[in-house]
1. Starting from the stretch 439-462, keep only residues that are in contact (Cβ under 8 Å) with a residue 40 or more places away in the chain and part of a loop (DSSP other than H, G, I, E, B), then list their pairs with residues that are of a type in the set (K, R) and buried (at least 17 other Cβ atoms within 10 Å of the Cβ) whose Cβ atoms are within a distance under 8 Å, requiring at least 6 positions of separation or different chains.
2. If you go through the stretch 415-438 one residue at a time, do you hit one that is surrounded by fewer than 22 Cβ atoms within 10 Å (Cβ to Cβ), more than 20 Å from T282 (Cβ to Cβ) and of a type in the set (F, W, Y)?
3. Within the stretch 454-471, identify whether any single residue is more than 30 Å from L117 (Cα to Cα), crowded, with 16+ Cβ neighbours inside 10 Å and either outside the structural domain of T226 (by TED's automatic domain parsing) or modelled with pLDDT of 95 or more (or both), and answer yes or no.
4. Would you point out which residue out of V241, V215 is part of a loop (DSSP other than H, G, I, E, B), assigned by TED's automatic domain parsing to the domain that holds R96 and in contact with a strand residue (DSSP E or B) (Cβ under 7 Å, 6 or more places away or on another chain)?
5. Residue by residue through the stretch 343-369, note down the ones that are surrounded by 19 or more Cβ atoms within 10 Å (Cβ to Cβ) and under 30 Å from A395 (Cβ atoms).
6. Among what's in the stretch 218-233 and is among the hydroxyl-bearing types (S, T, Y) and not in a loop (DSSP other than H, G, I, E, B), pick the residue that is surrounded by the fewest Cβ atoms within 10 Å (Cβ to Cβ).
7. Considering (1) of a type in the set (K, R); (2) part of a strand (DSSP E or B); (3) farther than 23 Å from M113 by Cβ, say which one R417 fails and leave the rest.
8. Let me spell it out: the conditions are (1) crowded, with 19+ Cβ neighbours inside 10 Å; (2) of a type in the set (S, T, N, Q); (3) over 26 Å from E392 (Cα atoms), and Q265 meets all of them except one. Which number is the exception?
Amino acid sequence: MRCISKAYINGEFIALNGTEVFDLINPSNYEKIGEVVLGDEKDTQKAIAAAKKAFRTFSKTKTEERVEILKNLKKAVEKRKNELIETMILEYGGTRQFCTAGFQNMVGAFECMIETLHHFEFERKVGSTLIQMTPVGVVGIITPWNSSNGFICSKFATAVAAGCTVVVKPSEMSALQTQLIIDCFHDAGLPKGIFNVVNGLGNVVGNEIVNHPDVAKISFTGSTRTGKMIARGAVDSMKRVTLELGGKSPNIILDDADFSKAIPQAVFGAYMNSGQACIAPTRLLVPQSRLEEVNEIAKEAIHQVVVGNPANENTNVGPMVSEKQYERVQSYIKLGLEEGAHLLTGGIGKPEGLENGNFVKATIFTNVRNDMRIAQEEIFGPVLSIISYQNEEEAIEIANDTPYGLAAYVTSSDESRALKVASQIEAGRVCINGFKHNPLAPFGGFKQSGIGREFGAFGLEEYLEPKSILV
C-alpha cells in the first residue's frame, strides 16, 4: 500500500500543510490500495505563486524551446507505458482495452501539439495591424477520474505550447495515477514552476484555484453541475474558462443501415469506458418499424459483452469507480423501471460472481420515451436506452431534444445522407459510420455540454489572448 503525502510545486516534492487523508480503494475488490494526504488552501496558494513566478520567463520562450519540452514529455511518458496502464486498471478499474487506448491518447497529446506548433502563427497581420497571440497566464487545470492522466497530458501539452504555466487539481480518487504522471514529467526535466500539482477536494483546492486572482484561466473537464459552479466563481476575476462537461449522446441508425453490424456496434459503443464516458452514445435512435428487429439483435449482442475483471484482455465493462457511482447507476436503473421503460437485458444488482466489487450488469432499456429521465440525464454507467422514431425528421428532433450537445453518431449506407443528418445535429462532434477520433480537430460541447474547445489549433487559441498592435 502506498501513501502519497506531498505536493509537486516548483519542480520539487514538498510536504503539505493539509492533513486530511483520503483512502484509495480498488473498485474491483474493495481492497485499500493506498492513501493520499489532501492539500489545503495554503498548499494551493504556494503552487499558484510558483506558477506565477515561472510564467514571467516561460511566457517568453520561443516555439522551438516549447517543442523540445513537448518531445521530452512524450519520451518520459512512453518509458512508463506498462506502469501507467496497470496503475489505471488497479486504481480506476478501467478495462485493459480502454487503458491501453488511453495511454496512446496521452502520447498523442504531445505529438499533436508538436504538429500544431509547426503550423501555428503567433504573429499575424490584419491590414497594417500586427496581431500577437500572447499566453493568457497561469492556468488552473481541474480533471475528473474517468481518464485522469489523459486529461492532464492533453491540457498541459496545450499550456506548454501556448507558453502558460499550470496548477493541476486532479481527482483525489486518481492519486496513484497522478503520482506516476508527476514522476514522468519530473524526469522530463521541466523548467521549475511550469507544472504544479496539489491533490485535494474540489471545495478546498478547486475553490482556491477558481477564486485566486493570479489564475487567469480554468480548464475543467467534469460534470455540468460543477462546471456551472466554476463558471460562476471565475466571473468575479474575469477568468477565461474552457469547460468540457456532460453528455447524453444520440446514436441515430438510419433505415438504410446494415443493422446486423450497426446495432452490435451501438451496444458496445454505449459501454465505452464501462459507460463512464461523456461521449458514450447512450441514446440509440432506431426506426419504429424495425424496433423488434433491433431488440433481438441487441439481445444477441449483449451475450458478447464481457463484464468482469478489468485486467483481462477481453473485458468490455469493468467496475464503477466507487460505491457512490455504483449506487448512482443502480438508482437510474430502478428509475427506468418505474418510468415504464422495458428492460431488455441487465437490471438491478451485480452480475453473478462479481459481488465483491462495483460491478453493474450491462443494461439495455427499450421502448424508452425521450422525455424519461433515463433518456435525459447523464447516468455514467453501462445503461443504454433504445428510442424509436417515425422518420428522419423526428430522429433529428429527438437527437436535439436534450440539454446536452457534446457528441453524436449517425449510421447510414449513404454517406451523403448521413452527412446531411449530421449537419443538423446540435453537438460539438458528430461521427459518421463508427467511432472516430481526430486529436487535431476541435472537441467541446454545445448547450450545457460546455464552453470552448480543446485539441489542435482551436484548443491552443483558448490559452492565448490576441493583442492588436496598430502601427
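1. G444/R453; E462/K217; E462/R240; E462/R453
2. No, every residue in the stretch 415-438 fails to be surrounded by fewer than 22 Cβ atoms within 10 Å (Cβ to Cβ), more than 20 Å from T282 (Cβ to Cβ) and of a type in the set (F, W, Y).
3. Here is the first cut: in the stretch 454-471, the ones more than 30 Å from L117 (Cα to Cα) are none.
Looking through the stretch 454-471, none of the residues is more than 30 Å from L117 (Cα to Cα), crowded, with 16+ Cβ neighbours inside 10 Å and either outside the structural domain of T226 (by TED's automatic domain parsing) or modelled with pLDDT of 95 or more (or both).
4. Numbers: V241 fails: part of a loop (DSSP other than H, G, I, E, B).
Unique residue meeting the criteria: V215.
5. L344, T345, G346, V360, K361, A362, T363, I364, F365, T366, V368
6. Filtering the stretch 218-233 for residues among the hydroxyl-bearing types (S, T, Y) gives 219, 221, 223-224, 226.
Still in the list and also not in a loop (DSSP other than H, G, I, E, B): 219, 221, 224, 226.
Values: S219: 28, T221: 24, T224: 21, T226: 18.
By that ranking, first place goes to T226.
7. Exception for R417: condition (2).
8. It fails just one condition, (3).
The values are calculated or read from the model by the stated rules, or taken from the named source; none is laboratory data. Fair warning: this is a prediction, and the values are worked out from it, not measured in the lab. Methodologically, a virtual Cβ is constructed for each residue, glycine included, from the backbone with ideal geometry; neighbour enumeration extends over all protein chains shown.
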